[in-house]
Every structure is written in structure tokens, then in C-alpha cells.
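For reference, the structure is listed below as C-alpha cells.
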Amino acid sequence: MSGNLTLPIIKRAQTQQQHPAIIDAQGEYSHAQLLSASQKIAAGLLQGRPDLQEARVALMVPPGFEYAAALWGAWLAGGVALPLCISHPAPELEYVLQDSAAETVLVHPLFEEKLRPLAGKLNIRFLLTREASSAEECPLPAIAESRRAMILYTSGTTSRPKGVVTTHRNITSQITTLIDAWGWTAEDRILHVLPLHHTHGIINALLCPLWAGAACEMLPQFDAGTVWDRFIQGKITVFMAVPTVYIKLIEFWENATEEEQRKMSQACAGMRLMVSGSAALPVSIFEKWKAISGHALLERYGMTEIGMALSNPLHGERRPGCIGLPLPRVQIRLVDESGKEVNDEETPGEIQVKGENVFLEYWRRPEATREAFAEGWFRTGDVAVVESGYYRILGRSSVDIIKTGGYKVSALEIEEILRSHPCIKECAVVGVEDSEWGERVCAAVVLNGVNSLNLEELRRWAKEKLAAYKIPSRLLVVDELPRNVMGKVTKPEVKGLFRD
Ligand code: AMP
């Protein structure tokens, strides 16, 4: 084995070489194979250079062995990995590639058609994964843990998505916290169904098992029937998803025959841990899932900027509707509107976080980075309260951040896009509580009276324009909403339009 394998996660893989690491549609790959493939990709990225020196390497690779090898390859070469969302349309990818000043885009042949012209236009090196991995292994740079490792794009309220930069030390801290709290071992096998441009899919569901020497079985995308089939086939010990996924699994179970239901429920008995997060888990879903699977879902709270911060316990009470307690080595405080720390139960405050898990900066946005911290504490913008020792989320401090199906989207960005429609004079967008999606994206729209526009046309148009936000089928217009729901909307702009 060549190279200078200094990174903690890579060193860990060397201790479990023969264990399966990744299982995908192509087969099963050991940790040794993953190490070897990532070193080749690193050599392909370096092409004779000693160190990428934090050059941004964008990855457009579907879930599977090649994704993990590409991520580690970028790190081993000294690059900053920038996992792209494989379902994003070209304009969104272009924004991310430009904003990050990516040097290289490493692309699976599946996405060549989409990415090659974009790379040409932006003058970015285009490298196919199979070309990169045919390179001869070469000496690899030593990487200090303080170096930048990854950029993930996340929506804010006031601007386009920002790049959240984490260092290798941040990532190690985010992983080891969960290894300790959730009892990962080399005997685990997770079924991975999450997007791989988001912290949940990358840190919690891929890097944790790899760190533990466990196996990660990756599906190309979520499909309820396939997930139940895999549970029934056995071997899976851990599953993690957003609440919307559990809702889809429940629907599938409810539509099955009694015999099938029995098999599905029995299959869950063999698993050790089922986790929900990235959005609030409704208590009704917690209860339904418990009745179906026998598992009390472990709900946790986290964010792209901090990894995971609070979690219900592995052993002990998992309280429905609550996000539990601070995770190991993560410091939490609640701060009220006047900036004072809350020290009693039942008084709400903004969750603020400190620890090695907290990100380094927003990429090339020093101002936004400064504003995100108060006295060294990261301000999450989520308001919570402590009740009998457990934290419970009350909501976000900004109505302009919507969480739909586990995705964070900015209401202001959607408003901008809707306003570009030739028939729309004004609009206001909010998230409206929804049992399936957490929140649905809802638009109050005022037409300019020049042309007529019906709802179906608007939906069709929005489906294309908003594809990057993964919300088209969830866009509602106020007309469709019952008055009692509209009554709960607090955003003044919506109320204003509604009166027009
Ligand atoms: P992201 O950076 O996309 O992971 O989004 C982070 C946001 O998701 C947080 O700031 C919360 O608003 C929300 N979130 C994550 N986990 C939970 C949870 N268990 N309950 C409620 N909201 C959550």
C-alpha cells in the first residue's frame, strides 16, 4: 500500500481490511478494496502533483462503492470534497460549481452528458471516475486534521445556498460522537437510502459504519417496497431516515396483506436501531411505527453546520416529540430573545452549539460566518425548551426556512422564482404543517391581471422551475388550503396578500 494514510477514518479502515464495507447493486466490497480504490482515485486526481492543497473536487457519483471511493479519493489527494446533488438541474449545479470555485468535477459516466458541457462552460477539469481510478498508485500527501475536508450547500433565509465548510477534525468529531452514542460496531450493517449531498446521508449513514468497520448497503434511491424486502431478507441491523420515509413505509405496510404485514413486522425484530431525524417526527408516526415494528424510533436533532447535536438515548427512555439530550462532547445552551442564557425548564430559547463538531466557516462568506456565531456559540435558529430533562423543538426562529421531506428550502428563494412568472405580480411563500412532508410549501399568489393562469398551469411551470428544491409536487396555492390552516400562518406578507 502506497501513500501517507494519515486521516483518522482511513486509518480506521486499515484495521478492518477484510470486512465488507460497501454493498451495492454491483456487489460487495471490503474495506481493503475501498482503500485501494480511493488511493487510485487520489492518484488520478493528483496527476503528478504532490497535494491538491484544498482544491475543491466536486463529486457527481450515484450511491454505491464508487461514491465512497470518490469521497475518500478526494480527501487522500488533499482536496476538499464537494458532493453534488445528483437530481439537481444544470442551473443549480452551475451555481454550486461556480460559488465553490471547483477545480475538478469527478463524474460517474451516468452523469457525463449533464456535467461535461457544464465543466467546459465553466472551465473546470472534467474527470470520469473510471479514468481517475485507472491511475497508478502514487505517494499521497500528509493531511493535517485542521485542513478543510468538505463543503455541503445549505439554504439560508437571505441569500442563495451557502457552502458549509467542515475540516477533517470536525468530521471526525461528528462521527465519533455517534459511534459512542449509538453503539456502532463492526457487526452492524446499515441499509442506506439517503441523499449523499447531505450530512444525514454522508456522516450518519455512510461514514459512521465505515469508521466502525461495519457494512453499508446502499440502494440507488428510496423505494418503500425494496426497503421492506431488504428488511425481510435479513442481516440489516441499523436503519436511518427522515420522517417522510417512515410515513411511506407505514403506508406500504398498511396496504399489504395480513400475511405480508406479519413478515414485515417480524423482520424488524432482528434489527438493533432505527433512527429518525432532519425534521420533526410526529408523535402519531412514532406510535404507528412502534406498533408495526416494535421499535421506538430514536429521534435526533442536527444540522449541516454541526452534524448531530442532541439525541434520544440508545438505552433509556426515547420520548416521542422530543429530541433528547446533548450528545457526547457537544455543548448546548438555550438563549432567550434578549441574549440571556436560559437556565430553567419550560422557558424557550434558541439552541446554540459549541464543540469540535461545529463547522469552520461558510465558504467565502466571512460576514455570514460572523453572524452565525454569538460568543463562540453557533446559533442554530431553532427554538427549543427543556421539559423534565429532555429538549423539545418548538420551531425555527425564521418563518422563511421551510423543512419539507427533510430538505431545507428558503421561502424567499421560491418567492423570487415564482415572481419570475409572467402572470404573477406578487407572492409570499410559507411552510404549512403537513403530516406527510413535515411542511408543505405553500404560496399565496396575486396575479397581475394581464393573462389568466390556472392552478394546473402554475403547477406544471413550477415543477420545472423548482425542480432543484425537490418540491414541485408539494407546492400548494392558498386556494387549496382550508381556512383553518391559513389561520395558523404567521408570516405577515401572506396575510397581506390574502386580504387583497
Ligand atoms: P439540515 O442542515 O438540512 O440538516 O437542516 C437542519 C434543520 O433541520 C435544523 O436546523 C432543524 O430546523 C431541522 N431538524 C433537524 N432535526 C430535527 C428534529 N429532530 N426535529 C425538528 N427539526 C429538526
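The values are calculated or read from the model by the stated rules, or taken from the named source; none is laboratory data. Computed from a predicted structure; not experimentally measured. So basically every Cβ, Gly included, is an ideal-geometry build from the backbone, and we count neighbours across all protein chains shown. In case anyone asks, the SASA skips ligands and DNA or RNA and just uses the protein heavy atoms, side chains included. Shrake-Rupley method; radii C 1.70, N 1.55, O 1.52, S 1.80 Å.
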Discussion item. Residue under question is residue 25, and the condition is that it be in contact with a helix residue (DSSP H, G or I) (Cβ under 9 Å, 6 or more places away or on another chain), surrounded by fewer than 19 Cβ atoms within 10 Å (Cβ to Cβ) and outside the structural domain of residue 465 (by TED's automatic domain parsing); does it hold?
Written reply: no
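Residues are listed down the side, and each one gets a yes or a no for (1) more than 22 Å from residue 277 (Cβ to Cβ); (2) open to solvent by less than 20 Å² (accessible area, probe 1.4 Å):
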residue	(1), (2)
408	no, no
416	yes, no
419	yes, no
422	yes, no
425	yes, no
429	yes, yes
435	no, no
444	yes, yes
447	yes, no
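Go through 80, 96, 57 for me and flag whichever is under 17 Å from residue 122 (Cα atoms), touching a helix residue (DSSP H, G or I) at 6+ places or on another chain (Cβ under 8 Å) and not polar (S, T, N, Q).
Exactly one of 80, 96, 57 is under 17 Å from residue 122 (Cα atoms), touching a helix residue (DSSP H, G or I) at 6+ places or on another chain (Cβ under 8 Å) and not polar (S, T, N, Q), namely 57.
Pick out, from segment 319-421, the strands (runs of 3 or more DSSP E) lying fully within it that include 3 or more residues that are within 13 Å of the ligand (Cβ to nearest atom).
Of the strands (runs of 3 or more DSSP E) lying wholly inside segment 319-421, those with at least 3 residues that are within 13 Å of the ligand (Cβ to nearest atom) span 349-354, 377-387, 390-396, 401-404, 407-410.
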Fill in: Output for segment 138-164, where each listed residue is under 30 Å from residue 48 (Cβ atoms) and away from the ligand (no atom under 14 Å from the Cβ)
138, 139, 140, 141, 142, 143, 144, 145, 146, 147, 148, 149
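Yes or no, residue by residue, for (1) without any contact (Cβ under 8 Å) to a residue 12 or more places away in the chain; (2) small (Gly, Ala, Ser); (3) surrounded by fewer than 23 Cβ atoms within 10 Å (Cβ to Cβ):
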residue	(1), (2), (3)
133	no, yes, yes
167	no, no, yes
182	no, no, no
190	no, no, no
196	no, no, no
209	no, no, no
215	no, yes, no
240	no, no, no
Discussion item. Looking only at segment 264-304, how many residues end up being open to solvent by less than 30 Å² (accessible area, probe 1.4 Å), of a type outside the set (S, T, N, Q) and within 7 Å of the ligand (Cβ to nearest atom)?
Written reply: 8
Item to complete: Restrict the check to segment 336-347 and report whether at least one residue is surrounded by fewer than 19 Cβ atoms within 10 Å (Cβ to Cβ) and closer than 22 Å to residue 180 by Cα.
Response: no
Worksheet item: Which number in (1) buried (at least 23 other Cβ atoms within 10 Å of the Cβ); (2) farther than 25 Å from residue 231 by Cβ; (3) over 21 Å from the mean Cα position of the chain (by Cα) marks the one condition that residue 309 misses?
Response: (3)
Worksheet, complete the sentence: Within segment 181-199, residues within 14 Å of the ligand (Cβ to nearest atom) and under 19 Å from residue 326 (Cβ atoms) come out as 199
Worksheet item: Within segment 313-324, restricting attention to residues that are touching a Phe, Trp or Tyr at 6+ places or on another chain (Cβ under 7 Å) and surrounded by fewer than 19 Cβ atoms within 10 Å (Cβ to Cβ), which residue is modelled with the lowest pLDDT?
Response: 320
Response to the item:
Scanning segment 151-165 for residues that are touching a Lys or Arg at 6+ places or on another chain (Cβ under 8 Å) and within 21 Å of residue 61 (Cβ to Cβ), the one surrounded by the fewest Cβ atoms within 10 Å (Cβ to Cβ) turns out to be 154
